[in-house]
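Colleague: Okay, handing you the structure first.
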Amino acid sequence: MSAKIISGTETAKAIREELKVDVAALKKKHNLVPGLVTILVGENPASQSYVAAKNKTAHNLGIYSEQVTLPADTSEEDLLALVAQHNNDPKIHGILVQLPLPKHINEAKVLYAIDPGKDVDGFHPVNVGKMMLGEQCFLPCTPHGVLELLLRSGVETSGAEVVVVGRSNIVGKPVANLMLQKREGGNATVTLCHTRTRDMDFHTRRADILVVAAGVANMIKADQVKEGVVVIDVGVNRIGMSESGKAILAGDVEFDSVKEKAAAITPVPGGVGPMTITMLMKNTVQAARQSAGLE
Ligand code: NAP
(Lines give C-alpha, C1' and ligand atoms only; values in the text may rest on other atoms or scores of the structure.)
Protein backbone atom coordinates (compact mmCIF):
# COMPACT_ATOMS: atom_id res chain seq x y z
CA MET A 1 0.00 0.00 0.00
CA SER A 2 1.21 3.50 -0.73
CA ALA A 3 -0.34 6.31 1.27
CA LYS A 4 -2.59 9.08 0.11
CA ILE A 5 -0.52 12.27 0.29
CA ILE A 6 -2.25 14.95 2.35
CA SER A 7 -1.15 18.13 0.63
CA GLY A 8 -0.93 21.14 2.89
CA THR A 9 -0.09 23.24 -0.14
CA GLU A 10 -3.40 22.38 -1.83
CA THR A 11 -5.47 22.65 1.36
CA ALA A 12 -3.88 25.98 2.26
CA LYS A 13 -4.60 27.23 -1.26
CA ALA A 14 -8.28 26.34 -0.92
CA ILE A 15 -8.55 28.11 2.47
CA ARG A 16 -6.76 31.18 1.10
CA GLU A 17 -9.30 31.40 -1.75
CA GLU A 18 -12.10 31.34 0.85
CA LEU A 19 -10.32 34.02 2.88
CA LYS A 20 -9.91 36.23 -0.19
CA VAL A 21 -13.68 36.13 -0.67
CA ASP A 22 -14.25 36.91 3.05
CA VAL A 23 -11.82 39.83 2.98
CA ALA A 24 -13.43 41.31 -0.15
CA ALA A 25 -16.91 40.95 1.41
CA LEU A 26 -15.79 42.65 4.65
CA LYS A 27 -14.49 45.57 2.62
CA LYS A 28 -17.59 45.84 0.45
CA LYS A 29 -20.26 45.36 3.12
CA HIS A 30 -18.59 46.88 6.17
CA ASN A 31 -15.74 48.99 4.81
CA LEU A 32 -13.49 46.89 7.02
CA VAL A 33 -9.95 45.86 6.02
CA PRO A 34 -8.31 43.33 8.36
CA GLY A 35 -4.93 44.65 9.52
CA LEU A 36 -1.88 42.72 10.71
CA VAL A 37 1.39 44.00 12.15
CA THR A 38 4.44 41.76 12.33
CA ILE A 39 7.22 42.79 14.68
CA LEU A 40 10.70 41.37 14.16
CA VAL A 41 13.58 42.09 16.53
CA GLY A 42 17.06 41.33 15.19
CA GLU A 43 18.29 39.66 12.03
CA ASN A 44 17.68 35.94 12.43
CA PRO A 45 17.51 34.76 8.76
CA ALA A 46 14.81 32.12 9.40
CA SER A 47 12.68 34.71 11.24
CA GLN A 48 13.21 37.22 8.44
CA SER A 49 11.96 34.75 5.85
CA TYR A 50 8.94 33.72 8.00
CA VAL A 51 7.94 37.35 8.52
CA ALA A 52 8.39 38.15 4.82
CA ALA A 53 6.18 35.16 3.89
CA LYS A 54 3.49 36.27 6.36
CA ASN A 55 3.41 39.81 4.96
CA LYS A 56 3.37 38.58 1.36
CA THR A 57 0.47 36.21 2.06
CA ALA A 58 -1.45 38.96 3.88
CA HIS A 59 -0.94 41.29 0.93
CA ASN A 60 -2.11 38.65 -1.57
CA LEU A 61 -5.33 38.17 0.39
CA GLY A 62 -6.13 41.88 0.60
CA ILE A 63 -5.18 42.10 4.30
CA TYR A 64 -3.44 45.34 5.29
CA SER A 65 -0.04 44.48 6.72
CA GLU A 66 2.74 46.42 8.38
CA GLN A 67 6.18 45.02 9.06
CA VAL A 68 8.19 46.58 11.87
CA THR A 69 11.85 45.54 12.01
CA LEU A 70 13.82 46.57 15.08
CA PRO A 71 17.54 46.27 15.84
CA ALA A 72 18.68 43.33 18.00
CA ASP A 73 19.58 45.65 20.88
CA THR A 74 16.04 47.07 21.17
CA SER A 75 15.10 47.32 24.85
CA GLU A 76 12.23 45.35 26.37
CA GLU A 77 10.66 48.66 27.38
CA ASP A 78 10.67 49.95 23.78
CA LEU A 79 9.21 46.71 22.48
CA LEU A 80 6.44 46.80 25.11
CA ALA A 81 5.68 50.41 24.13
CA LEU A 82 5.40 49.36 20.47
CA VAL A 83 3.00 46.54 21.37
CA ALA A 84 0.90 48.98 23.43
CA GLN A 85 0.81 51.38 20.49
CA HIS A 86 -0.57 48.66 18.20
CA ASN A 87 -3.00 47.46 20.87
CA ASN A 88 -4.56 50.93 20.52
CA ASP A 89 -4.37 51.23 16.73
CA PRO A 90 -7.86 50.65 15.26
CA LYS A 91 -6.57 49.68 11.80
CA ILE A 92 -4.52 46.82 13.31
CA HIS A 93 -6.53 43.73 14.31
CA GLY A 94 -3.70 41.24 14.70
CA ILE A 95 -0.28 41.62 16.33
CA LEU A 96 2.43 39.06 15.74
CA VAL A 97 5.75 39.27 17.55
CA GLN A 98 8.12 36.89 15.75
CA LEU A 99 9.87 34.44 18.08
CA PRO A 100 12.53 33.85 19.24
CA LEU A 101 13.29 37.25 20.75
CA PRO A 102 16.85 38.27 21.75
CA LYS A 103 17.89 36.84 25.13
CA HIS A 104 17.69 40.15 27.04
CA ILE A 105 13.94 40.41 26.35
CA ASN A 106 11.45 38.45 28.45
CA GLU A 107 9.37 36.67 25.80
CA ALA A 108 6.45 35.87 28.10
CA LYS A 109 6.21 39.49 29.24
CA VAL A 110 5.95 40.68 25.63
CA LEU A 111 3.43 38.01 24.58
CA TYR A 112 1.29 38.72 27.67
CA ALA A 113 1.28 42.44 26.78
CA ILE A 114 -0.56 41.80 23.50
CA ASP A 115 -4.29 42.52 23.72
CA PRO A 116 -5.85 38.99 23.76
CA GLY A 117 -8.34 40.26 21.14
CA LYS A 118 -5.39 40.92 18.79
CA ASP A 119 -3.36 37.83 19.71
CA VAL A 120 -3.59 36.13 16.32
CA ASP A 121 -0.78 33.71 17.21
CA GLY A 122 -2.95 32.33 20.02
CA PHE A 123 -0.11 32.39 22.59
CA HIS A 124 -1.66 34.71 25.21
CA PRO A 125 -2.73 32.81 28.35
CA VAL A 126 -6.30 34.08 27.92
CA ASN A 127 -6.50 32.37 24.53
CA VAL A 128 -4.64 29.27 25.76
CA GLY A 129 -7.12 29.00 28.66
CA LYS A 130 -10.13 29.47 26.41
CA MET A 131 -8.81 26.81 24.02
CA MET A 132 -8.50 24.42 26.97
CA LEU A 133 -12.09 25.18 27.97
CA GLY A 134 -13.30 24.67 24.39
CA GLU A 135 -14.41 28.30 24.10
CA GLN A 136 -14.21 30.53 21.02
CA CYS A 137 -10.68 31.99 20.85
CA PHE A 138 -7.67 32.40 18.58
CA LEU A 139 -6.23 28.92 18.14
CA PRO A 140 -2.43 28.64 17.79
CA CYS A 141 -1.67 28.50 14.07
CA THR A 142 0.25 25.24 13.64
CA PRO A 143 -2.08 23.07 15.79
CA HIS A 144 -5.07 24.72 14.10
CA GLY A 145 -3.48 23.86 10.74
CA VAL A 146 -3.06 20.22 11.79
CA LEU A 147 -6.72 20.04 12.78
CA GLU A 148 -7.90 21.67 9.58
CA LEU A 149 -5.76 19.30 7.45
CA LEU A 150 -7.35 16.28 9.15
CA LEU A 151 -10.86 17.70 8.84
CA ARG A 152 -10.54 18.64 5.19
CA SER A 153 -8.95 15.28 4.35
CA GLY A 154 -11.97 13.51 5.83
CA VAL A 155 -9.98 11.77 8.58
CA GLU A 156 -12.29 10.61 11.38
CA THR A 157 -10.89 11.67 14.74
CA SER A 158 -13.82 10.62 16.93
CA GLY A 159 -12.83 7.56 18.93
CA ALA A 160 -9.42 7.38 17.22
CA GLU A 161 -6.24 6.57 19.09
CA VAL A 162 -4.17 9.71 18.54
CA VAL A 163 -0.52 9.73 19.54
CA VAL A 164 1.31 13.06 19.59
CA VAL A 165 5.12 13.05 19.82
CA GLY A 166 6.36 16.31 21.35
CA ARG A 167 4.89 18.40 24.17
CA SER A 168 5.91 21.97 23.34
CA ASN A 169 3.55 24.82 24.19
CA ILE A 170 3.27 25.86 20.55
CA VAL A 171 2.67 22.47 18.90
CA GLY A 172 2.43 19.23 20.91
CA LYS A 173 0.35 20.32 23.91
CA PRO A 174 -2.22 22.35 21.94
CA VAL A 175 -2.55 19.62 19.27
CA ALA A 176 -3.28 17.09 22.01
CA ASN A 177 -5.72 19.44 23.67
CA LEU A 178 -7.62 20.25 20.48
CA MET A 179 -7.95 16.60 19.54
CA LEU A 180 -9.61 15.68 22.79
CA GLN A 181 -12.17 18.50 22.74
CA LYS A 182 -15.78 17.37 22.60
CA ARG A 183 -16.54 18.60 19.07
CA GLU A 184 -15.90 17.95 15.38
CA GLY A 185 -12.20 17.28 14.79
CA GLY A 186 -11.82 16.16 18.42
CA ASN A 187 -13.25 13.32 20.52
CA ALA A 188 -10.03 11.32 20.15
CA THR A 189 -8.26 9.29 22.82
CA VAL A 190 -4.97 11.14 23.09
CA THR A 191 -1.52 10.03 24.22
CA LEU A 192 1.27 12.59 24.46
CA CYS A 193 4.87 11.34 24.19
CA HIS A 194 8.13 13.14 25.00
CA THR A 195 11.74 12.38 25.88
CA ARG A 196 10.78 10.77 29.22
CA THR A 197 8.23 8.42 27.64
CA ARG A 198 9.30 4.91 28.70
CA ASP A 199 8.40 2.96 25.56
CA MET A 200 7.56 5.32 22.74
CA ASP A 201 7.32 2.59 20.08
CA PHE A 202 4.55 0.91 22.07
CA HIS A 203 2.50 4.08 21.72
CA THR A 204 3.37 5.03 18.12
CA ARG A 205 2.59 1.47 16.93
CA ARG A 206 -0.97 1.60 18.19
CA ALA A 207 -1.75 5.06 16.78
CA ASP A 208 -4.60 5.46 14.30
CA ILE A 209 -3.41 9.04 13.87
CA LEU A 210 0.21 9.93 14.61
CA VAL A 211 1.23 13.59 14.93
CA VAL A 212 4.98 14.11 15.21
CA ALA A 213 6.48 17.41 16.40
CA ALA A 214 9.83 16.56 17.94
CA GLY A 215 12.32 18.41 15.74
CA VAL A 216 14.42 15.29 15.04
CA ALA A 217 14.94 14.54 11.33
CA ASN A 218 13.51 11.18 10.14
CA MET A 219 13.07 9.94 13.69
CA ILE A 220 9.91 7.85 13.07
CA LYS A 221 10.60 4.78 10.91
CA ALA A 222 8.24 2.30 9.27
CA ASP A 223 8.65 -0.31 12.04
CA GLN A 224 7.29 2.20 14.57
CA VAL A 225 3.88 2.59 12.93
CA LYS A 226 1.00 0.26 12.13
CA GLU A 227 -0.54 -0.45 8.71
CA GLY A 228 -3.17 2.14 7.82
CA VAL A 229 -2.01 4.90 10.18
CA VAL A 230 -2.61 8.57 9.27
CA VAL A 231 0.62 10.52 9.80
CA ILE A 232 0.88 14.28 10.28
CA ASP A 233 4.53 15.31 10.24
CA VAL A 234 5.00 18.75 11.80
CA GLY A 235 8.79 18.59 11.90
CA VAL A 236 10.88 20.90 9.76
CA ASN A 237 14.60 20.07 9.91
CA ARG A 238 17.34 21.55 7.77
CA ILE A 239 19.50 18.61 6.75
CA GLY A 240 21.71 20.27 4.16
CA MET A 241 22.03 22.83 1.44
CA SER A 242 21.36 22.38 -2.27
CA GLU A 243 23.89 23.51 -4.89
CA SER A 244 21.76 26.58 -5.50
CA GLY A 245 22.05 27.47 -1.79
CA LYS A 246 18.50 26.41 -0.82
CA ALA A 247 17.96 24.58 2.49
CA ILE A 248 17.14 20.88 2.11
CA LEU A 249 14.33 20.03 4.53
CA ALA A 250 13.26 16.79 6.16
CA GLY A 251 10.38 16.03 8.47
CA ASP A 252 10.44 14.06 11.72
CA VAL A 253 9.08 11.02 9.85
CA GLU A 254 11.04 8.90 7.37
CA PHE A 255 8.63 9.67 4.55
CA ASP A 256 9.69 7.11 1.91
CA SER A 257 9.40 4.06 4.15
CA VAL A 258 6.45 5.17 6.30
CA LYS A 259 4.30 6.06 3.28
CA GLU A 260 4.37 2.38 2.26
CA LYS A 261 2.51 1.45 5.45
CA ALA A 262 0.37 4.53 6.09
CA ALA A 263 -3.13 5.22 4.78
CA ALA A 264 -2.30 8.92 4.51
CA ILE A 265 0.71 11.11 5.24
CA THR A 266 1.78 14.76 4.98
CA PRO A 267 5.01 15.55 3.12
CA VAL A 268 7.77 17.92 4.25
CA PRO A 269 7.87 20.46 2.75
CA GLY A 270 4.31 21.03 1.53
CA GLY A 271 2.47 19.59 4.53
CA VAL A 272 1.80 21.43 7.77
CA GLY A 273 4.08 24.38 6.89
CA PRO A 274 1.78 26.16 4.41
CA MET A 275 -1.15 25.65 6.79
CA THR A 276 0.51 27.61 9.61
CA ILE A 277 0.64 30.94 7.75
CA THR A 278 -2.85 30.37 6.38
CA MET A 279 -4.27 29.91 9.87
CA LEU A 280 -2.58 33.16 10.91
CA MET A 281 -4.49 34.89 8.12
CA LYS A 282 -7.71 33.20 9.20
CA ASN A 283 -7.17 34.45 12.76
CA THR A 284 -6.50 37.99 11.48
CA VAL A 285 -9.77 38.01 9.55
CA GLN A 286 -11.54 36.62 12.64
CA ALA A 287 -9.96 39.39 14.77
CA ALA A 288 -11.22 42.05 12.37
CA ARG A 289 -14.73 40.58 12.41
CA GLN A 290 -14.72 40.47 16.22
CA SER A 291 -13.53 44.08 16.46
CA ALA A 292 -16.55 45.12 14.39
CA GLY A 293 -18.95 42.99 16.45
CA LEU A 294 -19.56 40.63 13.52
CA GLU A 295 -18.77 37.43 15.52
P1 NAP B 1 10.43 21.86 20.73
O2 NAP B 1 9.93 23.02 21.51
O3 NAP B 1 11.89 21.62 20.61
O4 NAP B 1 9.76 20.55 21.35
C5 NAP B 1 10.10 19.29 20.90
C6 NAP B 1 9.34 18.27 21.70
O7 NAP B 1 9.66 16.98 21.18
C8 NAP B 1 9.69 18.25 23.18
O9 NAP B 1 8.51 18.09 23.94
C10 NAP B 1 10.61 17.05 23.32
O11 NAP B 1 10.46 16.37 24.56
C12 NAP B 1 10.09 16.13 22.22
N13 NAP B 1 11.16 15.28 21.71
C14 NAP B 1 12.33 15.65 21.15
N15 NAP B 1 13.06 14.57 20.82
C16 NAP B 1 12.34 13.49 21.17
C17 NAP B 1 12.56 12.12 21.12
N18 NAP B 1 13.69 11.60 20.61
N19 NAP B 1 11.60 11.27 21.60
C20 NAP B 1 10.46 11.77 22.11
N21 NAP B 1 10.18 13.10 22.19
C22 NAP B 1 11.11 13.94 21.73
O23 NAP B 1 9.89 21.88 19.24
P24 NAP B 1 8.56 22.53 18.59
O25 NAP B 1 8.68 24.00 18.59
O26 NAP B 1 7.35 21.89 19.14
O27 NAP B 1 8.78 22.05 17.08
C28 NAP B 1 8.83 20.68 16.75
C29 NAP B 1 9.13 20.54 15.27
O30 NAP B 1 8.08 21.13 14.54
C31 NAP B 1 10.39 21.27 14.81
O32 NAP B 1 10.99 20.54 13.76
C33 NAP B 1 9.87 22.59 14.27
O34 NAP B 1 10.71 23.15 13.28
C35 NAP B 1 8.57 22.13 13.67
N36 NAP B 1 7.57 23.21 13.57
C37 NAP B 1 6.95 23.33 12.38
C38 NAP B 1 5.98 24.28 12.22
C39 NAP B 1 5.29 24.39 10.90
O40 NAP B 1 4.65 25.38 10.64
N41 NAP B 1 5.40 23.38 10.05
C42 NAP B 1 5.64 25.12 13.28
C43 NAP B 1 6.26 24.95 14.50
C44 NAP B 1 7.23 23.98 14.64
P45 NAP B 1 10.84 17.04 25.99
O46 NAP B 1 9.72 17.99 26.29
O47 NAP B 1 10.87 15.91 26.92
O48 NAP B 1 12.15 17.74 25.78
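Colleague: Under 27 Å from residue 247 (Cα atoms) and more than 18 Å from the chain's Cα centre (by Cα): does that describe residue 45?
Modeller: Working: under 27 Å from residue 247 (Cα atoms): yes; more than 18 Å from the chain's Cα centre (by Cα): yes.
So residue 45 passes the test.
Colleague: Here's a follow-up. What about residue 138, is it of a type in the set (Phe, Trp, Tyr) and within 17 Å of the chain's Cα centre (by Cα)? Can you show your working first?
Modeller: Details: of a type in the set (Phe, Trp, Tyr): yes; within 17 Å of the chain's Cα centre (by Cα): yes.
Yes: the conditions hold for residue 138.
Colleague: Within segment 229-253, how many residues turn out to be in a loop (DSSP other than H, G, I, E, B) and among the charged types (D, E, K, R)? Give the derivation first.
Modeller: Taking segment 229-253 first, the residues in a loop (DSSP other than H, G, I, E, B) are 229, 234-236, 242-246, 251-252.
Then drop every residue that is not among the charged types (D, E, K, R), which leaves 243, 246, 252.
Matching residues across segment 229-253 total 3.
Colleague: Looking at segment 234-257, which of the residues that are out of contact with any Leu (no Cβ under 9 Å at 6 or more places or on another chain) and either among the β-branched types (Val, Ile, Thr) or under 15 Å from residue 153 (Cα atoms) (or both) is modelled with the highest pLDDT?
Modeller: 234
Colleague: Tell me which residues, restricted to segment 85-114, are within 22 Å of residue 33 (Cβ to Cβ) and part of a helix (DSSP H, G or I).
Modeller: Taking segment 85-114 first, the residues within 22 Å of residue 33 (Cβ to Cβ) are 85-97, 114.
Matches in segment 85-114: 85, 86, 87.
Colleague: Return yes when residue 250 is more than 15 Å from the ligand (Cβ to nearest atom), surrounded by fewer than 21 Cβ atoms within 10 Å (Cβ to Cβ) and of a type outside the set (Ser, Thr, Tyr) and no when it is not. Break it down stepwise before answering.
Modeller: Details: more than 15 Å from the ligand (Cβ to nearest atom): no; surrounded by fewer than 21 Cβ atoms within 10 Å (Cβ to Cβ): yes; of a type outside the set (Ser, Thr, Tyr): yes.
The answer is no for residue 250.
Colleague: Applying the selection to segment 29-47, what residues are in a loop (DSSP other than H, G, I, E, B) and small (Gly, Ala, Ser)? Don't jump to the end; show me each part of the working.
Modeller: At the first step, the residues of segment 29-47 found to be in a loop (DSSP other than H, G, I, E, B) are 31-34, 42-44.
Passing the criteria: only 42.
Colleague: Residues in segment 224-244 that are charged (D, E, K, R), surrounded by fewer than 23 Cβ atoms within 10 Å (Cβ to Cβ) and within 15 Å of the ligand (Cβ to nearest atom): how many? I'd like the intermediate steps shown before the answer.
Modeller: First pass over segment 224-244, keeping only residues charged (D, E, K, R): 226-227, 233, 238, 243.
Of the ones still in play, those that are also surrounded by fewer than 23 Cβ atoms within 10 Å (Cβ to Cβ) are 226-227, 238, 243.
If we keep only those that are within 15 Å of the ligand (Cβ to nearest atom) as well, we get 238.
Residues flagged as charged (D, E, K, R), surrounded by fewer than 23 Cβ atoms within 10 Å (Cβ to Cβ) and within 15 Å of the ligand (Cβ to nearest atom) within segment 224-244 amount to 1.
Colleague: Considering segment 200-223 alone, what residues qualify as being within 11 Å of the ligand (Cβ to nearest atom) and either surrounded by 15 or more Cβ atoms within 10 Å (Cβ to Cβ) or not in a helix (DSSP H, G or I) (or both)?
Modeller: So the first thing to find is which residues in segment 200-223 are within 11 Å of the ligand (Cβ to nearest atom), and the list is 200-201, 203-204, 211-217, 219-220.
Listed by number, the residues that qualify are 200, 203, 204, 211, 212, 213, 214, 215, 216, 217, 219, 220.
Colleague: Let me ask something additional. If the requirement is being surrounded by 15 or more Cβ atoms within 10 Å (Cβ to Cβ) and touching a residue at least 40 places away in the same chain (Cβ under 8 Å), which of these qualifies: 110, 120? Break it down into steps so the answer makes sense when it comes.
Modeller: Values: 110 fails: touching a residue at least 40 places away in the same chain (Cβ under 8 Å).
From the options 110, 120, the qualifying one is 120.
Colleague: Tell me, which residue of segment 141-197 that is within 16 Å of the ligand (Cβ to nearest atom) and of a type in the set (Lys, Arg) is surrounded by the fewest Cβ atoms within 10 Å (Cβ to Cβ)? Outline the logic, then answer.
Modeller: Step one: list which residues in segment 141-197 are within 16 Å of the ligand (Cβ to nearest atom), which gives 141-150, 162-179, 190-197.
Applying the additional criterion that residues be of a type in the set (Lys, Arg) yields 167, 173, 196.
Values: 167: 18, 173: 19, 196: 7.
Within segment 141-197, the match that is surrounded by the fewest Cβ atoms within 10 Å (Cβ to Cβ) is 196.
Colleague: If you don't mind, there's one more thing I want to ask. Of the conditions (1) in contact with a strand residue (DSSP E or B) (Cβ under 7 Å, 6 or more places away or on another chain); (2) within 20 Å of residue 54 (Cβ to Cβ), residue 259 satisfies every one except a single condition; which number is it?
Modeller: Of the numbered conditions (1) in contact with a strand residue (DSSP E or B) (Cβ under 7 Å, 6 or more places away or on another chain); (2) within 20 Å of residue 54 (Cβ to Cβ), the odd one out for residue 259 is (2).
Colleague: Failed condition for residue 256, given (1) within 14 Å of the ligand (Cβ to nearest atom); (2) in a helix (DSSP H, G or I), with all others met?
Modeller: That leaves (1) as the condition not met.
Colleague: Quick one: would you say residue 268 is at pLDDT 95 or above and crowded, with 23+ Cβ neighbours inside 10 Å? It would help to see each step written out before you state the result.
Modeller: Values: at pLDDT 95 or above: yes; crowded, with 23+ Cβ neighbours inside 10 Å: no.
It is false that residue 268 is at pLDDT 95 or above and crowded, with 23+ Cβ neighbours inside 10 Å.
Colleague: Could you grab the pairs with beta carbons closer than 7 Å, sequence gap of 6+ or different chains, first residue in segment 234-247 and more than 17 Å from residue 218 (Cβ to Cβ), second one part of a strand (DSSP E or B)?
Modeller: Sorted first by the residue in segment 234-247, then by its partner, the pairs are 241/247; 241/248; 242/248.
The values are calculated or read from the model by the stated rules, or taken from the named source; none is laboratory data. Remember, it's a predicted structure, so these values are computed and weren't measured experimentally. Ideal geometry is used to build each Cβ from the backbone, glycine not excepted, and the neighbour counts take in all protein chains shown.
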